[in-house]
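Contents: one structure, followed by commentary.
The values are calculated or read from the model by the stated rules, or taken from the named source; none is laboratory data. Predicted model only: the values in this text are computed from it and were never measured. Methodologically, a virtual Cβ is constructed for each residue, glycine included, from the backbone with ideal geometry; neighbour enumeration extends over all protein chains shown. SASA here: full protein model, heavy atoms, side chains in, ligands and nucleic acids out. Shrake-Rupley method; radii C 1.70, N 1.55, O 1.52, S 1.80 Å.
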Amino acid sequence: MHLLDHTILGAFPEYDGHEAVYEYEHPESGLRGYIALHNTTLGPANGGTRYWTYDTATDGLRDALALSRAMTYKCALARVPYGGGKAVILAPASGKKQELFQAYGNTINALNGRFLTGQDVGLDTKDIETMQAASPFVMRAAAGNLGPWAARGVFAAIQATLAALFTNDTVAGKTFAVKGLGNVGSELCTLLLAHGGRVFAADTDSLKTTAMQQRHPTLTIIAPQDIHRIPVDIYAPCALGKELTKERIDELGCKAVCGAANNQLADNTASEHLYERGVLYVPDYVANAGGLINVVESFATDGYREKRVTERVQGIRQTTASILQQANTEHCSPHRIAEMLAQTIISEKRKTLSS
Ligand code: NAD
């Protein structure tokens with residue numbers, strides 16, 4: 001494993017003065033990838049490991065840079081004592097082999113706990129168990145499925161968004177478009193419908209749309225390519241990231257975007273474009289912190305407490321409300337305010353550490 005030079009990293013728009021970015025490889029198993037530690041002021045870097053077939057290795061590196069930065073902000077605003085990190089494994093053409101995950105566990109060990117990781121896109125339980133056998137720094141899923149907790153957090157953020165749009169947070173009678181009916185999206189639909197919302201939803205997997213339609217006959221299924229255009233109060237992206245391109249933003253039919261997908265903004269200009277178009281955008285790392293809040297509870301020195309997780313996840317509502325209120329007062333995008341708040345939390349911690 002070797003450190004990448006900051007002058008080389010500076011060429012990427014996703015680079016943000018990351019503390020350390022490593023490239024690692026283990027040719028015998030086909031393992032290759034990047035670990036990005038963005039900021040560890042609040043605690044050890046925390047972030048999942050993604051196993052993905054990228055078009056180029058550089059795309060993988062850029063993904064790790066962007067995702068680790070968002071993890072820093074997510075941890076800060078969720079008030080959990082961790083920093084931001086993220087790893088990507090470049091999926092080899094030869095396919096998944098368990099030796100690769102064992103070698104990855106050994107790679108993580110070299111960082112001596114500066115990076116704590118867990119499951120992200122592309123990894124299943126077996127892969128994680130192989131990593132865990134090799135490394136104590138791979139988090140155990142003791143806290144169970146994270147999707148429902150992430151959905152509860154998004155729901156809390158949606159309530160705050162409704163309050164900002166309509167001066168009350170009543171879900172009943174409001175309209176929602178949910179893209180992606182996986183772990184988070186399906187739970188979010190269930191919550192919105194249970195509170196009297198009118199919900200439109202889409203998924204590229206017809207098994208998922210059929211199952212959800214059977215479970216909730218009042219749910220309206222829409223084609224995936226059209227879900228963002230539906231004129232609704234809130235659009236909730238719960239599929240993959242980078243979907244909010246300039247073109248897509250121009251096509252949005254909603255008043256606000258508030259969803260679970262990580263890395264929703266396609267580039268650095270997207271949040272300003274949303275603001276100019278008058279679409280309220282709740283930063284993904286604010287709305288989707290519920291899963292993180294639940295997983296870090298497993299490390300609480302006094303043991304896992306569901307009541308505490310519930311309170312903290314509900315706290316996402318107040319965090320969202322404060323960000324939207326400040327953005328309104330200061331006439332700027334909520335994304336900019338969220339970044340500023342997270343940076344303030346980090347610099348205050350830095351001051352206490354140095355005093
Ligand atoms: P998932 O894989 O269970 O579900 C994603 C769903 O999106 C799948 O059903 C897939 O078929 C669908 N999909 C993919 N492309 C689509 C498209 N173009 N149009 C419509 N549907 C499409 O994932 P998840 O755990 O539900 O997570 C959803 C998003 O939320 C991801 O971006 C994830 O990174 C993020 N997130 C998840 C958690 C968590 O705890 N699970 C926490 C925070 C953030």
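The table for this structure:
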quantity	calculated
Cα long-axis angle, helix 334-354 against the chain (0 to 90 degrees, to the nearest 10)	40
Dipole magnitude of region 128-207 about its Cα centre (Cβ charges: Lys, Arg +1; Asp, Glu -1), debye to nearest 20	180
Mean separation of Cα contacts under 8 Å (6+ apart) over length of region 206-355, as relative contact order %	16
Between helix 183-194 and the chain: long-axis angle, C-alpha atoms, 0 to 90°, nearest 10	20
Built amide H within the under 5 Å cut-off of V178, gap 5+	F200, A201, A202, A236
Across K86/K351; K74/K96; K179/K349; K126/K208; K208/K242, pairs whose alpha-carbon gap is larger than 28 Å	K74/K96; K179/K349
Inter-label distance, nm, simple model (7 Å from Cα along the C-beta direction), R305/T170	3.6
Accessible-area composition of region 190-265, carbon plus sulfur, in percent [1.4 Å probe]	55
Relative contact order of region 280-353, defined on C-alpha pairs under 8 angstrom at six or more residues apart (%)	38
Straight-distance crosslink candidates among aspartates and glutamates, where the alpha carbon sits under 12 Å from K255 and sequence neighbours closer than 8 are dropped	D233
Estimated distance in nm for a label pair at R79 and D5, the labels positioned 7 Å out from Cα along Cα-to-Cβ	4.4
Estimated vicinal HN-Hα couplings, Hz - region 311-325 in sequence order (Karplus 6.51, -1.76, 1.60; Gly, Pro = x)	5, 5, 5, 5, x, 4, 4, 5, 4, 5, 4, 5, 5, 5, 5
For A239, residues with placed amide H under 5 Å, excluding near neighbours	A261
Mean separation of Cα contacts under 8 Å (6+ apart) over length of the chain, as relative contact order %	15
Estimated inter-spin distance, E348 and A211, nm [label 7 Å along Cα→Cβ]	4.2
Trypsin sites (Lys or Arg not before Pro) within region 28-123: DSSP coil, no more than 11 neighbouring Cβ in 10 Å	none
Rounded accessible area of M71 (nearest 10 Å², 1.4 Å probe)	20
Dipole magnitude of region 1-50 about its Cα centre (Cβ charges: Lys, Arg +1; Asp, Glu -1), debye to nearest 20	140
Karplus 3J(HN,Hα) series, Hz, for region 161-167 with 6.51 cos²θ - 1.76 cosθ + 1.60 (x for Gly, Pro)	5, 4, 4, 6, 7, 10, 6
Relative packing of 260-268, 297-305, which averages over residues the other C-beta atoms within 10 Å, highest first	260-268, 297-305
Solvent-accessible area per residue, Å², over the chain with all protein chains present [probe radius 1.4 Å]	44
